[in-house]
Amino acid sequence: MFACAQAQADNVEITRANIEASEEGYKLAATYGFDLNEELENAIEHGVPLFFTTQVELTRPRWYWYDDKAVSQRQTMRIRYDVLTRLYQVSVTGSMQQSFSTLEDAMVLIRRPSRWLIAPRGALKAGESYNVTLRMFMDRERMAKPIQVNAFSSSQWRLESKDKKFQYRAE
């Protein structure tokens, strides 16, 4: 029974997900529910950066062929602890970086990332329905090679969501 509870605690739950049309294009708004286990918290405290990747895909169903893949995007966030400044830093690959005094404050940004542009305006056909598949996971492949040995062999280093699927009608 304890193993089952532990396995559930290490899973990421997508608590909210939707796509919003804006002047720039289509943005994904998502919220995740999960906690880091003790081993992952210790890794961060010792300066090991963790990477969390969100993957979104929009496909348009076609009866005569494979579904049309309209959008396929990934966004990776990194969290690390700077021992010298005693601050937790969260950064989005190729974008912003913020510092926090506590791990819990830093995790809020990981669990509730800001809306990000997944497709420019005009990339989707207005009025068409799209199947959206969303997934979030701890990206162990981005870790340093020596850390990957532990990460891939231990279930303590496995955090991921199930695919969340929903429909979106383009505006």
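Among the conditions (1) in contact with a Ser or Thr (Cβ under 6 Å, 6 or more places away or on another chain); (2) charged (D, E, K, R); (3) in contact (Cβ under 8 Å) with a residue 24 or more places away in the chain, residue 23 misses just one, which is (1). The set of residues in the range 146-160 that are touching a residue at least 12 places away in the same chain (Cβ under 8 Å) and surrounded by fewer than 13 Cβ atoms within 10 Å (Cβ to Cβ) comprises 152, 154, 155. Within the range 106-127, is even one residue closer than 16 Å to residue 43 by Cβ and more than 13 Å from the chain's Cα centre (by Cα)? Yes, because at least one residue in the range 106-127 is closer than 16 Å to residue 43 by Cβ and more than 13 Å from the chain's Cα centre (by Cα). Residues in the range 130-143 that are part of a strand (DSSP E or B) and open to solvent by less than 40 Å² (accessible area, probe 1.4 Å): 130, 132, 133, 134, 136, 137, 138.
What tally of residues in the range 161-171 results from selecting those that are surrounded by fewer than 16 Cβ atoms within 10 Å (Cβ to Cβ) and either touching a residue at least 60 places away in the same chain (Cβ under 8 Å) or assigned to a helix (DSSP H, G or I) (or both)?
3
The values are calculated or read from the model by the stated rules, or taken from the named source; none is laboratory data. Remember, it's a predicted structure, so these values are computed and weren't measured experimentally. Because the Cβ atoms are built from the backbone with ideal geometry, glycine has one as well, and the counts that use them run over all protein chains shown. All accessible areas refer to the heavy atoms of the entire protein, side chains included, with ligands and DNA or RNA removed. Shrake-Rupley method; radii C 1.70, N 1.55, O 1.52, S 1.80 Å.
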